[in-house]
1. For segment 87-117, which positions are of a type in the set (Lys, Arg) and modelled with pLDDT of 95 or more?
2. For segment 118-146, how many residues meet the condition of being assigned to a helix (DSSP H, G or I) and among the β-branched types (Val, Ile, Thr)?
3. Only one of Ala75, Ala114, Ala70, Ala95 is free of Cβ contacts under 8 Å to residues at least 60 places away in the same chain, among the small types (Gly, Ala, Ser) and surrounded by 15 or more Cβ atoms within 10 Å (Cβ to Cβ); which?
4. For segment 307-344, what are the residues that are free of Cβ contacts under 8 Å to residues at least 40 places away in the same chain and among the β-branched types (Val, Ile, Thr)?
5. Kindly provide the set of residues from segment 379-409 that are small (Gly, Ala, Ser) and closer than 14 Å to Asp347 by Cβ, ordered by number.
6. Any residue in segment 383-402 that is in contact (Cβ under 8 Å) with a residue 60 or more places away in the chain sitting within a Cβ distance under 6 Å of a residue that is small (Gly, Ala, Ser) and surrounded by fewer than 15 Cβ atoms within 10 Å (Cβ to Cβ)? List the pairs, counting only those 6 or more apart or interchain.
7. Residues in segment 304-323 that are of a type in the set (D, E, K, R) and assigned to a helix (DSSP H, G or I): how many?
8. Across segment 99-122, which residue is farthest from Leu299 (Cα to Cα) among those that are polar (S, T, N, Q) and out of contact with any Cys (no Cβ under 8 Å at 6 or more places or on another chain)?
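The values are calculated or read from the model by the stated rules, or taken from the named source; none is laboratory data. Just so you know, these numbers come straight off a predicted model, no measurement behind them. Methodologically, a virtual Cβ is constructed for each residue, glycine included, from the backbone with ideal geometry; neighbour enumeration extends over all protein chains shown.
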Amino acid sequence: MLYYLHEFARLSMAPTRAMSEGLRFILDNPMNPMSMTPMGRSMASAADIFEHLTRAYGKPNWDLAETEIAGQPVAVEEEVLIKRTYCHLLHFKRAAERKDPKLLVIAPLSGHYATLLRGTVETMLPDHDVYVTDWQDCRMIPVNQDRFNLDDYIDYLIDFLHFLGPNTHLLAVCQPSVPALAAVSVMSGWGDNCVPTSLTMIGGPIDTRKSPTKVNQLAKEQPLEWFERNVVVDVPPPYPGMFRKVYPGFIQLTNFISMNLEQHIKSYGELFEHLVQGDDDAADKKRVFYEEYRAVMDLPAEFYLQTVKTVFQEHELPDGKMIARWHPVLTENITRTALMCIEGELDDISGIGQTKAALEITPKLPDEMKEYYLQTGAGHYGVFNGRKWREQIAPRIGRFIRAHDHEAG
């Protein structure tokens, strides 16, 4: 019923949103004498923000048609290499003959689209052959299609690594740190020739008992039945995935916003001021951020519930009790994949020490193949996007990858 109420509220706002957009168009018209008055600009700005807040956002575009290599512009083409029900393997093919390290960027399946990592991909493109896991919105997947859980996630990663072949590097941002480390552990146990050369984990919940955040505490305090009863709902018509059980993206977004409500209110206040003052560049930056931030997708219920149980409640990976399909996930088997763990000092999603735990549960991996970096002054989003990511974190990852790449010159 919750999803039906959400859709009803969204649709009922459509006439008011249209009126607001019409008012803004009239007030912004240079032929309107009110357009240059303080009252006119304030009213137009208020209408703009109202329309922005009540709009439904679909999947954003990557908009990465070009990169810069050695000071020269190079065209970039998106190509889908593998199409699976729940995830496509996307390749950003550069129009340049270079033998750069293969890098599979594993986007989080946690409510936002993979395009949330646009800045991550953009920064890595000049010096890496970049591939991305492009997760699909579960509400668009018919209920008669395959189910998808954490085991399937690990299977997908292993299949993608087999497709890409030996000497591939992984970059897991937040949530996928667990399935990525699990996939590496399983492949290492097999002696798989396609085991990744390196795995970099950014702000991942490897062991959520360390410096637990509000997110970790909520997952631990409530039994699994509580989540199944309160946040798992059916997709309503007319979506293709109607009647499928999901963890809706709008609930995840609401939780994220409520954790930093004062900051978001302040940010929208700044957006209003930028619009009133006519500072279009500053307003566009905030608008683009929120258009990406508020574009959310639904998760398969079985994946969400298994993740809560395995990662946040029972801590199966760090305790050596995790099973992927019928394969024991033993991190002690990792001996050939270099590991790098990156955390943010101000991360309120994955606390300090949670990602670093991966280095502590891999006793057979030589110390020279392990690296840890704590970024001061960075929150969860800042460790994979923004200035600190571009100037301080990404260069470290690039050096780490090339130091362990089998073909780096």
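1. Within segment 87-117, the first condition is being of a type in the set (Lys, Arg), and the residues that meet it are 93-94, 98-99, 102.
Selection gives Lys93, Arg94, Lys102.
2. Number of matching residues: 3.
3. The unique qualifying residue is Ala114.
4. If the condition is that a residue be free of Cβ contacts under 8 Å to residues at least 40 places away in the same chain and among the β-branched types (Val, Ile, Thr), then Ile323 is the only one that fits.
5. First pass over segment 379-409, keeping only residues small (Gly, Ala, Ser): 379, 382, 386, 394, 398, 403, 408-409.
Those that are small (Gly, Ala, Ser) and closer than 14 Å to Asp347 by Cβ: Gly379, Gly382, Gly386.
6. Note: pairs meeting the criteria are Arg402/Ala408.
7. The total comes to 1.
8. The selected residue is Thr120.
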